[in-house]
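**Student:** Starting off with a structure, shown below.
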Amino acid sequence: MKLDYGPLTSLLSDSTISEIMVNSPEQIFVEHKGVLVETGVRFIDERALWDFVFAVLHVDGKDKSQASSFDGTLPDGSRYNIVVPPMTPKFPCITIRKFQSKRFTLQDLVQNKSLNDKAAHFLSQAVKAKMNILVSGGTGSGKTSFLQALTFEIPSEERIVTIEDVAELKIQQKNWVQLLSVQQGTHPVSTRECVVSSLRMRPDRILVGECRQQETFDMLQAMNTGHEGSMTTLHANSPQECLTRLENLLYMSKFELPLKALRAQIANSVNFIVQVKRLTSGQRVVTEIMEISGMEGDVITRAPVFSLDNKGELVPVGYVPRSIKTFQARGFTFPESFFDPTKAFRRAS
């Protein structure tokens with residue numbers, strides 16, 4: 001069934017707009033080139049807004065009487081969230097994250113100045129060497145887009161299973177299985193159930209769109225028990241906050257383990273944290289690449305490999321990762337001066 005987007009049609013067709021936020025019939029904001037701005041677009045009245053909400057839910061097969069909050073996908077692939085009273089006091093609230101047909105590679109991100117060529121090369125090698133990577137960032141920082149870019153570095157012969165709440169990742173490798181959690185309906189399926197099922201599907205890698213709840217423990221176990229090269233994202237504003245949030249998620253999973261054991265689970269599972277951020281200008285950038293190298297006593301040992309310098313450029317800090325021997329054992333090496341912040345990098349032709 002075709003969906004009439006009404007006054008939102010022009011916003012959905014504008015390639016410079018990445019997100020649409022309807023607060024009321026007369027107040028619609030968009031994210032335009034990374035910056036939030038109010039538009040002059042309006043629904044005729046409250047009834048027109050409600051008609052649009054009912055049409056979206058109908059087309060997506062949602063029962064409007066079952067909940068006050070709905071997540072789903074529009075026919076064009078855009079992701080939506082709709083909140084209706086009593087969760088909101090008066091009007092429905094709609095947020096649409098537009099489907100991006102272009103999937104950015106690491107080299108695209110270098111061209112966009114989201115990171116530099118040396119950091120992109122390091123991450124490319126890390127993915128190919130099957131390092132476990134966690135992409136950390138705040139709301140709207142581009143975590144999923146960055147995870148998508150990393151998937152282009154996965155060798156084509158590998159079998160990949162992706163797990164998401166709403167389908168956003170598009171994997172170019174042929175041997176790809178897509179699993180989706182189901183939050184509503186008569187047969188809900190949790191993200192954790194998807195992770196557990198994926199372990200029986202002979203994956204080379206497991207990619208979880210975002211770890212939020214009990215699936216965190218199972219994801220870390222998968223990373224630590226034969227599924228190297230797995231990746232996920234986490235909502236956090238710094239690598240340190242990311243580690244704290246991982247600990248909190250493990251506690252929330254109600255696994256009765258001492259703190260040291262929980263931290264050991266993290267240290268033995270995650271190799272690198274990539275921190276992404278949206279600047280006030282709207283540009284999304286990588287601000288740090290941190291290695292998780294093990295445990296010393298009760299503390300997870302970690303160190304930045306790349307960080308922003310005083311010019312705001314992502315550069316090596318001079319630290320050679322402890323995992324360099326693992327890179328070498330898996331057939332991946334770096335030039336002798338690669339981690340020297342004063343040395344330029346030229347990619348081999």
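Quick note: the coordinates plus some simple rules give every number you see, no bench work behind them. The structure displayed is predicted, hence computed values, not measured ones. Cβ coordinates were reconstructed from backbone atoms using ideal geometry, including for glycine residues, and neighbour counts include every protein chain displayed.
**Student:** Helix 117-128 sits at what angle to the longest principal axis of the chain, using alpha carbons and giving 0 to 90 degrees rounded to 10?
**Tutor:** 90
**Student:** Then there is this: Which residue fluctuates the most in the chain, going by a Gaussian network model with Cα springs under 10 Å, if the choices are 99, 217, 306?
**Tutor:** Ranking 99, 217, 306 by mean-square fluctuation puts 99 first.
**Student:** Please report the relative contact order for the chain, taking Cα pairs under 8 Å with a sequence separation of at least 6, and give it as a percent rounded to a whole number. Mind dumping the intermediate values first?
**Tutor:** Working: 636 pairs, mean separation 47.4, N = 349.
About 14 percent, as a whole number.
**Student:** Springs between alpha-carbon atoms under 10 Å, Gaussian network over the chain: tell me which of 329, 126, 149 tops the mean-square fluctuations.
**Tutor:** Judging by the Gaussian network model, the answer is 329.
**Student:** Moving on to the next point. In degrees from 0 to 90, rounded to the nearest 10, what is the angle of the helix 46-59 Cα long axis to the longest principal axis of the chain?
**Tutor:** Helix 46-59 sits at roughly 60 degrees to that axis.
**Student:** Residues with beta-carbon under 15 Å from that of residue 154, excluding residue 154: net charge, scoring Lys, Arg +1 and Asp, Glu -1?
**Tutor:** Values: positive: 103, 128, 130, 159, 170, 174, 205, 330; negative: 153, 157, 158, 204, 228.
Overall, the nearby charge balance is +3.
**Student:** Which value at 222 nm does the chain reach when only helices count, each DSSP H run of 4 or more adding -39,500 (n - 2.57), with the total divided by all residues and rounded to the nearest 500 deg cm²/dmol? Walk me through the intermediate numbers first.
**Tutor:** On the way: 10 runs with 93 residues, N = 349.
Result for the chain, helices only: -7500 deg cm²/dmol.
**Student:** Considering only DSSP beta bridges where both residues belong to the chain, give the percentage that are antiparallel (nearest 5).
**Tutor:** Details: 43 of 64 bridges.
The answer is about 65 percent antiparallel.
**Student:** Residue-wise, which Karplus ³J(HN,Hα) couplings in Hz belong to segment 72-89, taking 6.51 cos²θ - 1.76 cosθ + 1.60, θ = phi - 60°, and x for glycine or proline?
**Tutor:** x, 10, 6, x, 8, x, 5, 9, 10, 10, 10, 10, 10, x, x, 5, 10, x
**Student:** Now a separate question. Just rank 319, 5, fewest to most, by other beta-carbon atoms within 10 angstrom.
**Tutor:** Working: 319 15, 5 20.
The order, fewest Cβ neighbours first, is 319, 5.
**Student:** Further, regarding this structure: For segment 180-312, what's the relative contact order in percent, using C-alpha pairs closer than 8 Å and at least 6 residues apart? Let's see the in-between values first.
**Tutor:** Details: 179 pairs, mean separation 21.8, N = 133.
Contact order relative to length: 16 percent.
**Student:** What net charge is computed for the residues neighbouring residue 301, neighbours being all others with C-beta under 13 Å from the C-beta of residue 301, Lys and Arg scored +1, Asp and Glu -1?
**Tutor:** Details: positive: 263, 302, 322; negative: 291, 296, 298.
Charge balance near residue 301 sits at 0.
**Student:** If you rank 309, 108 by fewest surrounding Cβ atoms within 10 Å, what's the result? Provide the component values of the computation, followed by the final result.
**Tutor:** On the way: 309 12, 108 15.
So the residues, fewest neighbours to most, are 309, 108.
**Student:** Right, another one. Please state, as a whole number in µm²/s, the translational diffusion coefficient that the Stokes-Einstein equation yields for the chain at 4 °C and 1.567 mPa s, with Rh defined as the Kirkwood radius across alpha carbon pairs.
**Tutor:** Value of D from the Cα-based Kirkwood radius: 60 µm²/s.
**Student:** With respect to the cross-link table entries 64/143; 102/325; 128/174; 113/343; 102/130; 33/174, which display a Cα-Cα separation exceeding 27 Å?
**Tutor:** On the way: 64/143 30 Å; 102/325 36 Å; 128/174 17 Å; 113/343 19 Å; 102/130 25 Å; 33/174 33 Å.
The answer is 64/143; 102/325; 33/174.
**Student:** Gaussian network model of the chain, Cα springs within a sub-10 Å range: biggest mean-square fluctuation belongs to which of 293, 101, 18?
**Tutor:** 101
**Student:** What Kirkwood Rh does segment 6-97 have if only Cα atoms enter the pairwise 1/r average? Answer in Å. Write out the running numbers ahead of the final one.
**Tutor:** On the way: mean 1/r = 0.0747 Å⁻¹.
Over segment 6-97, the inverse of the mean reciprocal pair distance is 13.4 Å.
**Student:** Which whole-number percent is the relative contact order of segment 6-97 (Cα, under 8 Å, 6+ apart)? Write out the running numbers ahead of the final one.
**Tutor:** Values: 146 pairs, mean separation 23.5, N = 92.
Computed over segment 6-97, the figure is 26 percent.
**Student:** On the first, second and third principal axes, largest extent first, how far apart are the outermost C-alpha atoms of segment 1-154 in Å?
**Tutor:** Ordered largest first, segment 1-154 gives principal extents of 54, 33, 30 Å.
**Student:** Given Cβ point charges of +1 (Lys, Arg) and -1 (Asp, Glu) and nothing else, what value in debye, to the nearest 20, does the dipole of segment 204-349 about its Cα centre take?
**Tutor:** Numbers: 17 positive and 16 negative charges, 74 e Å.
So the dipole magnitude of segment 204-349 works out to roughly 360 debye.
**Student:** For a distance above 16 Å, tell me the whole-number percent of Cα pairs in segment 210-323 that qualify.
**Tutor:** Values: 4006 of 6441 pairs.
Value for segment 210-323 (Cα pairs over 16 Å): 62 percent.
**Student:** Would you list 187, 227 from fewest to most Cβ contacts within 10 Å?
**Tutor:** Details: 187 6, 227 20.
Lowest to highest Cβ neighbour count: 187, 227.
**Student:** Now, a different point. Taking H placed 1.01 Å from N in the peptide plane, check which residues at least 5 places from residue 292 or on another chain put their amide H under 5 Å from its amide H.
**Tutor:** For residue 292, whose amide H was placed from the backbone, the distant partners under 5 Å are 272, 273.
**Student:** Shifting gears a bit: If you plug each phi of segment 232-244 into the Karplus form 6.51 cos²θ - 1.76 cosθ + 1.60 with θ = phi - 60°, what whole-Hz ³J(HN,Hα) values come out, in order, with x for Gly and Pro?
**Tutor:** Running phi through 6.51 cos²θ - 1.76 cosθ + 1.60 with θ = phi - 60° gives 7, 10, 8, 7, 6, 9, 7, x, 5, 5, 4, 5, 4 Hz.
**Student:** Would you please give the residues with an amide H less than 5 Å from that of residue 135, counting only those at least 5 places away or on a separate chain, with H modeled from the backbone geometry?
**Tutor:** 232, 233, 234, 274
**Student:** Next question, about the same structure. Rounded to the nearest 10 degrees, what's the angle between the helix 215-224 long axis and the longest principal axis of the chain, both from Cα atoms, 0 to 90?
**Tutor:** The answer is roughly 30 degrees.
**Student:** While we're on this one: Would you mind checking which residues have amide H under 5 Å from residue 181's amide H? H placed 1.01 Å from N; only 5 or more apart, or other chain.
**Tutor:** 164, 165
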